[in-house]
Amino acid sequence: MNENWQEMKKQAITWLKEAGQMLKEAINLPLQVQTKSHPNDLVTEMDYKVERFLTKNIKSAYPTHRVLGEEEAGAHLSTTEGILWVIDPIDGTTNFVHQKFNFTISLAIVSNNVGQVGIIYNVMNEEWYTAVAGKGAYLNDNRLKQLTETTITEAVIGMNSRWLLKEEHANKKRLHTLVRKARSIRSYGSASLELAYVATGRLDSYLNFQLSPWDYAAGIVILKEVGGRITDFNNRPLPLLEGSSVLASRPRLHEEVLSYL
Ligand code: 2AM
Ligand code: CA
Ligand code: CA
Ligand code: CA
């Protein structure tokens with residue numbers, strides 16, 4: 001297959017810009033906020049609007065491609081064959097509602113299970129983290145450097161503190177040890193943004209016990225370009241048709257953190 005991934009990335013950026021504009025215009029208007037799996041799992045009409053807008057554009061430009069989105073698109077996909085667009089219309093809906101800051105639109109183009117394009121767009125500050133497989137990763141126009149190694153004692157690790165309270169977690173004690181050993185812990189509330197932060201070195205590691213493909217598909221492509229590692233807690237590649245635990249880190253630190261999970 002001889003697809004023009006750079007061209008598709010450019011096309012996707014024009015759609016994301018328009019979607020970002022929709023979010024900026026909606027942000028100070030009253031939002032209809034509903035809950036999904038639990039009272040803190042929020043969704044707004046803008047999550048649906050952006051996903052429908054992107055899906056419509058993708059399908060009309062590339063009728064043979066398929067779309068997997070958080071809210072509606074591709075809910076019953078059973079294979080990753082062909083070209084699949086994996087989108088999260090708002091990653092960090094709680095931030096969108098409460099902070100009006102630090103939420104992204106995350107988009108990946110995956111061909112036969114291999115990520116080819118990744119875009120994580122931090123809407124309110126116009127930070128675009130992008131990558132095409134084999135062509136390097138960028139923050140806006142600046143090419144990101146290869147990640148260097150570090151150790152836990154010098155690492156700033158991203159995680160949601162609620163995981164520390166998880167009663168049924170078999171390795172709770174070890175997780176507490178990890179938090180004590182690390183230099184510092186951060187929580188930004190947008191998984192894709194936190195993966196982008198690992199790619200730029202703002203975070204040394206990011207972990208989450210349960211995420212979905214639209215949270216990490218773009219991050220996989222971007223991290224690979226800078227030599228970052230991203231796997232589940234058992235060091236296996238991440239699935240694209242179901243959810244998973246996720247650890248992303250600088251090289252070497254990854255193995256060290258895995259031993260605490
Ligand atoms: P979302 O905003 O797209 O739902 C918040 O810590 C991060 O975890 C966000 O990236 C959020 O994505 C993601 N997340 C994944 N599953 C979630 C869930 N069931 N409830 C809340 N946030 C979830
Ligand atoms: Ca959600
Ligand atoms: Ca998400
Ligand atoms: Ca979302």
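Applying a threshold of 8 Å to beta carbon distances and a minimum spacing of six or more residues, or different chains, the list of pairs starting in the stretch 72-91 at a residue that is in contact (Cβ under 8 Å) with a residue 60 or more places away in the chain and ending at one that is assigned to a loop (DSSP other than H, G, I, E, B) and within 13 Å of ligand 1 (Cβ to nearest atom) reads 87/70; 88/70; 89/70; 89/71; 90/103; 91/103; 91/190.
Within the stretch 10-20, being exposed (fewer than 15 other Cβ atoms within 10 Å of the Cβ) and either within 12 Å of residue 49 (Cβ to Cβ) or at pLDDT below 95 (or both) holds for one residue alone: 18.
How about the stretch 134-148: which of its residues are part of a loop (DSSP other than H, G, I, E, B) and over 14 Å from residue 228 (Cβ atoms)? Give the derivation first.
Here is the first cut: in the stretch 134-148, the ones part of a loop (DSSP other than H, G, I, E, B) are 134-136, 140-141, 144-148.
Across the stretch 134-148, the qualifying residues are 134, 135, 140, 141.
Assess whether residue 64 counts as being crowded, with 19+ Cβ neighbours inside 10 Å, more than 12 Å from ligand 4 (Cβ to nearest atom) and more than 29 Å from residue 228 (Cα to Cα). Show your work before the answer.
Details: crowded, with 19+ Cβ neighbours inside 10 Å: no; more than 12 Å from ligand 4 (Cβ to nearest atom): yes; more than 29 Å from residue 228 (Cα to Cα): yes.
No; evaluated as a whole, the condition is false for this residue.
Elements of the type helices (runs of 4 or more DSSP H) sitting completely within the stretch 158-261 and holding at least 3 residues that are touching a residue at least 60 places away in the same chain (Cβ under 8 Å) and over 28 Å from residue 51 (Cβ atoms): these cover 172-181, 253-258.
Quick grid of which residues meet (1) surrounded by 15 or more Cβ atoms within 10 Å (Cβ to Cβ); (2) not small (Gly, Ala, Ser):
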position: 152; (1), (2): yes, yes
position: 162; (1), (2): no, yes
position: 166; (1), (2): no, yes
position: 190; (1), (2): yes, no
position: 197; (1), (2): yes, yes
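Candidates 51, 3, 72: the one that is within 13 Å of ligand 1 (Cβ to nearest atom) and surrounded by 13 or more Cβ atoms within 10 Å (Cβ to Cβ) is 51.
The values are calculated or read from the model by the stated rules, or taken from the named source; none is laboratory data. If you're wondering where the values come from, they're calculated on a predicted model, not measured in any experiment. Cβ atoms come from the backbone with ideal geometry, glycine included; neighbour counts cover every protein chain shown.
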